[in-house]
Amino acid sequence: MKMKTVLLVLLTIAGTIAGLQFAGCQSIGATSARTWAAEKVYVAPGEHDKYYGFLSGGQSGSVFVVGIPSGRLIREVPIFEPRAAVGYAVHPNDPRRKELEATGGAWGDTHHPVPSETNGVYDGKYLWINDLANGRVARVRLDVFETDKIVKIPNMQGAHGIAALSPNTKYIFVNGEFEQPTDGLVTNPDPYTSVVAFLDPESMAVKFQVRVNGNIDIADSSKDGRYAFSTVYNLEQGKDADAMFQYDRDAVVAIDVPAAEKAVAEGKARIQNGVPVIDPKEVPGVMTLIPVPKNPHGINATPDGKYVIASGKLSPTVTIIDAKTLKIVAEPEVGLGPLHTTFDNRGNAFTSLFLDSQVVKWDIDKAIAGAADYIVDRIDVHYNIGHLQAVGGETMDPKGDYLLALNKLSKDQYLPVGPELPEAQELIDISGEKMRMLLAFPTPPEPHDAVFMPAETLRGKVKQTFDLAPEAIAEGKESVMRTGPKLVKVNMTLIRSAYTPHQLDVREGDEVTLTITNVETIRDMTHGFALPDHSLNIALPPGATKTITFTAGKPGVYWYYCTNFCSALHLEMRGRMVVHPKDRTLTLTDWSPAQNVKGKAIPGVPSTGAER
Ligand code: K7E
Ligand code: CUA
Ligand code: CA
């Protein structure tokens, strides 16, 4: 990213010089276009971007946070995978790691970041994201940019489409892409169906599910919160690709949320794996099928709430549906392989064309009126675009300035790095009539979707330090206690540049429960606790407390050390765990007096010399 910034500066300078010296020469058009684009995305060192961009990491299992328009990567929030960089879920006993293993595994495939909304715009509280692979949904707290909750959704495999019910996030709803036996039993794999699950945004409990035939794909909410819309591409219920494109039309399903709530309240749902499941065949009015061509993919509500637009994928059309009457109002052709649609604040839609590798801009009202000139512009992207997202395009307040194209392939756009090439994003200016390419930047595999949040939305909400947890260890309250023949409890604090206690004496096979608090009160003063050969790596931002239980390994001396640069004495910030042989009686002389650098005695350390 630094390199890119430098390049942009150079480009800007070069462009200015070229403009001064060679005014009137033929290359001036191209040069000034480069200068213009460079200036649009250049954010000087020390200055902040205008928007947060939350990019789903696909099979990286995380969310990448970038600044827009610069494209600078400012954070990775690991969710479904361990990440040593921030001490996330590394040790098998890390509570988050255990939660991951218990809900499907320590990897995931994140596709769709969904921020919480109040009055139809992002409120900066939470961001949810699906794990397509393992039927899970996670929540990220935007005050600390950390994963806060992960839930496994019953009766579902392949959690794909996900959306917040507008305008006030009454539910998060999630689509099960891979069908499951309807009766929940493996003895009878057919008939099989999928479910749309409605989760409470705070508890993340699954409140109810609605059964749908055919694989359910992408989701969006009507702006008034009445309908949960989803696309279904396999109405055929085929089990291979050939069988899945027999019909000319599959469907958009519209779930009437108040009708579904009523059905649950009246006991019309069947409990399956602890969740009320509504079968719309038994409860008419809960679900409406709207036939749309062909293996549709994206579904997107217009910011004014009037329409939802389904993208045809195998049909060169998009289907415009009235969001209140559920009637199809137009089916304009837009190009080959339409996948997703986003919006500006001037009545235009932008649809990604996977096969054409283009973004097409079209005028919604003109398309509905049947005007010949509804296509406004097309721009090439590099290459094979999946999602695209304009700033605020999913909200009632689209900004109409930038659009990000999330491309599946980059082909020749970067220095080659082996047989596999980077995936890339391209930032496009949409403020004028014509779209203009501004910037390309790669992220690790694989970009799917993105959302953008104005920097003001999070201003004052992002915490400086963690609030102290109830189990936080205060300075002076550190201790080492033997709580059983093989159990050791350590209460530790961290502050520049010391661990207290800075020595632990344990025996091989002891089960050590370590609670650590970073007692720093200064923002960004993160310390790590890395313990060699024990698979243990924890990072603690200021104020954070973590607890982990691990088993002391072979006899030896293990230095725990700080992984995060914290001061001139960062490297000196260490302590040691002495693992004594199993059969050794730890006497007072064996127990080193564990004192911190300030010379404080640690209560409870030489507790007893003969506790075995
Ligand atoms: Cu289109 Cu998972 Cu959103 Cu990817 S899905 S493209
Ligand atoms: Cu603490 Cu480095
Ligand atoms: Ca189909």
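Each value in this text was obtained by applying a stated rule to the coordinates, not by laboratory testing. Computed from a predicted structure; not experimentally measured. Note that each Cβ is placed from the backbone with ideal geometry, even for glycine, and that neighbours are counted across all protein chains shown.
List of remarks:
- Across the options Pro167, Ala133, Gly87, the greatest Cα extent toward the positive end of the charge dipole of the chain (unit charges at beta carbon of Lys, Arg, Asp, Glu) belongs to Gly87.
- Gyration tensor (alpha-carbon) shape descriptor, the range 390-469, a/c threshold 1.5: oblate
- Given Lys361/Lys408; Lys125/Lys366; Lys207/Lys489, the pairs whose alpha carbons are separated by over 29 Å: Lys125/Lys366; Lys207/Lys489
- A protection proxy built from the mean count of other Cβ atoms within 10 Å ranks the segments 411-424, 137-150, most packed first, as 137-150, 411-424.
- Prolate/oblate/rounded call for the chain, Cα gyration tensor, a/c under 1.5 rounded: oblate
- When shorter helices are ignored and each DSSP H run of at least 4 residues is given -39500 (n - 2.57), the per-residue value for the chain at 222 nm works out to -3000 deg cm²/dmol.
- The Cα atoms of the range 141-212 give a gyration tensor whose axes a ≥ b ≥ c have a/c of 1.5 or more with a/b greater than b/c, which makes the shape prolate.
- Here the relative contact order of the range 358-498, from alpha carbon pairs under 8 Å that lie six or more residues apart, stands at 16 percent.
- The aspartates and glutamates within cross-link reach of Lys294, meaning a Cα-to-Cα straight distance under 15 Å and a gap of 8 or more places when in the same chain, are Asp217, Glu236, Asp242, Asp248, Asp250, Glu331, Glu333.
- Order by protection proxy (mean Cβ within 10 Å, highest first), peptides 505-512, 97-104: 505-512, 97-104
- In a simple Cβ point-charge model (Lys, Arg +1; Asp, Glu -1; nothing else charged), the chain has a dipole of about 1680 debye relative to its Cα centre.
- Residues Arg136, Arg270 in ascending order of nearby Cβ atoms (within 10 Å, fewest first): Arg270, Arg136.
- Gap separating the Cα centres of the range 443-480 and the range 195-268, nearest whole Å: 33
- In a reduced charge model with +1 at each Lys and Arg Cβ and -1 at each Asp and Glu Cβ, the range 479-601 shows a dipole moment near 180 debye about its Cα centre.
- Relative contact order (percent, whole number), the range 109-214, Cα cutoff 8 Å, 6+ residue spacing: 19
- Ranked by the mean number of other Cβ atoms within 10 Å of their residues, highest first, the peptides 318-329, 51-62 come out as 51-62, 318-329.
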